[in-house]
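The values are calculated or read from the model by the stated rules, or taken from the named source; none is laboratory data. Everything quoted here is computed from the prediction, not taken from an experiment. Note that each Cβ is placed from the backbone with ideal geometry, even for glycine, and that neighbours are counted across all protein chains shown.
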Amino acid sequence: MINIEKSQPAPDCLEVEKKKKNGTYRCEDTYKRIASDFFGKCYLCEYDKPSGINIEHFKPHYQGKNKDRKFDWNNLFFSCSHCNGIKTSSEIELLNCINPDHKIIDWIKFDIKPFPKELPKITAINKIPIVENTVELLDKIYNYKINDDTFSSTKDAANNLRHKLLLEIEKFGKLLKEYYEDEIDSSSYEKKILKRKIKKLMSTKSPFSAFKIWIIKENITFKKDFMT
Ligand SMILES: [Zn+2]
């Protein structure tokens, strides 16, 4: 999970649909704008190629009974079916990734060791309820019932998500390793290209960017080279 900026103002079709008896928030412009604002990633798990991704209501609209929430542009998020299914329609307070005052990357630590079968570790740094609720949800998303031996499709989806996360972390680690190879001249074109690639993988557009940013944040040399 990472902060993103939602484009404004709301697409016109939302206001038009809201006035209809059976209007839909899934109008074409809304879908296009959300997919673009969220860089095609699920706002919770940050995976960009899930089997199903859709428009989700951050605050529930109770089957349209809360019409304002149903058509509120700032309540519409891009979420994969795995995360949407785990989050459910709850009123529980969660960090809002489009609220710039919610400093997600500073308040939550995202950690995973780059080895097979490692589990993501999500930790609240700012120990306030809204952060702890978000951490609890994210832990469920990545590590759903890891200690339970029975099969479930949700467990399988979490397993698949962790696999994709590890592949991305491996790719990131490989680039970092290459960057710090002694043979590469520090002012060379090759090094500049590698730096560009690493920074691209750290950007909001990239899948699982929160985990990669934390790898950089935690290492003094990486931090100096990639965060200044
Ligand atoms: Zn997701």
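Within region 35-47, is there a residue that is over 23 Å from Glu168 (Cα atoms) and touching a residue at least 24 places away in the same chain (Cβ under 8 Å)? No, that holds for no residue.
Just to be sure before I move on: is Leu161 surrounded by 14 or more Cβ atoms within 10 Å (Cβ to Cβ), under 15 Å from Ile215 (Cβ atoms) and either assigned by TED's automatic domain parsing to the domain that holds Ile213 or more than 20 Å from the chain's Cα centre (by Cα) (or both) in the structure I sent? Answer is no for this residue. Whether any residue in region 208-225 is surrounded by 14 or more Cβ atoms within 10 Å (Cβ to Cβ), closer than 19 Å to Ile86 by Cα and modelled with pLDDT under 95 is what I want to check. Within region 208-225, not a single residue is surrounded by 14 or more Cβ atoms within 10 Å (Cβ to Cβ), closer than 19 Å to Ile86 by Cα and modelled with pLDDT under 95. Considering region 66-97, the residues that are assigned to a loop (DSSP other than H, G, I, E, B), surrounded by fewer than 17 Cβ atoms within 10 Å (Cβ to Cβ) and in contact (Cβ under 8 Å) with a residue 40 or more places away in the chain include one that is farthest from the ligand (Cβ to nearest atom), namely Glu93. Filtering Ile112, Ile105 for residues that are closer than 28 Å to Lys212 by Cβ, in contact (Cβ under 8 Å) with a residue 60 or more places away in the chain and in contact with an Asp or Glu (Cβ under 6 Å, 6 or more places away or on another chain) leaves a single hit, Ile112. Of the conditions (1) in contact with a helix residue (DSSP H, G or I) (Cβ under 9 Å, 6 or more places away or on another chain); (2) free of Cβ contacts under 8 Å to residues at least 60 places away in the same chain; (3) outside any loop (DSSP other than H, G, I, E, B), Lys117 clears all except one; give me its number. Condition (3) is where Lys117 drops out. Quick check: anything in region 197-206 loosely packed, with under 15 Cβ neighbours inside 10 Å and over 30 Å from Ala35 (Cα atoms)? Scanning region 197-206, I find no residue that is loosely packed, with under 15 Cβ neighbours inside 10 Å and over 30 Å from Ala35 (Cα atoms), so the answer is no.
Yes or no, residue by residue, for (1) farther than 24 Å from Ile104 by Cα; (2) touching a strand residue (DSSP E or B) at 6+ places or on another chain (Cβ under 6 Å); (3) not aromatic (Phe, Trp, Tyr):
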site: Lys127; (1), (2), (3): no, no, yes
site: Asp139; (1), (2), (3): no, yes, yes
site: Asn147; (1), (2), (3): yes, no, yes
site: Glu170; (1), (2), (3): no, no, yes
site: Lys177; (1), (2), (3): yes, no, yes
site: Tyr189; (1), (2), (3): yes, no, no
site: Lys199; (1), (2), (3): no, no, yes
site: Phe208; (1), (2), (3): no, no, no
site: Ile215; (1), (2), (3): no, no, yes
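Could you please let me know if Asn147 is within 17 Å of the chain's Cα centre (by Cα) and either under 20 Å from Phe115 (Cβ atoms) or not acidic (Asp, Glu) (or both)? The answer is no for Asn147. Among the residues making up region 44-65, those that are part of a loop (DSSP other than H, G, I, E, B), more than 9 Å from the ligand (Cβ to nearest atom) and at negative phi are Asp48, Lys49, Ser51, Gly52, Phe58, Lys59, Pro60, His61, Lys65. On inspection, Ser51 fails the criterion of being small (Gly, Ala, Ser) and within 14 Å of the chain's Cα centre (by Cα). Just to be sure I understand the filter: pairs with C-beta atoms under 7 Å, separated by 6 or more residues or on different chains, first member in region 52-65 and without any contact (Cβ under 8 Å) to a residue 12 or more places away in the chain and more than 16 Å from Lys20 (Cα to Cα), second member within 16 Å of the ligand (Cβ to nearest atom) and of a type in the set (A, V, I, L, M). Which pairs pass? Going by the 7 Å Cβ cut-off, there are no qualifying pairs.
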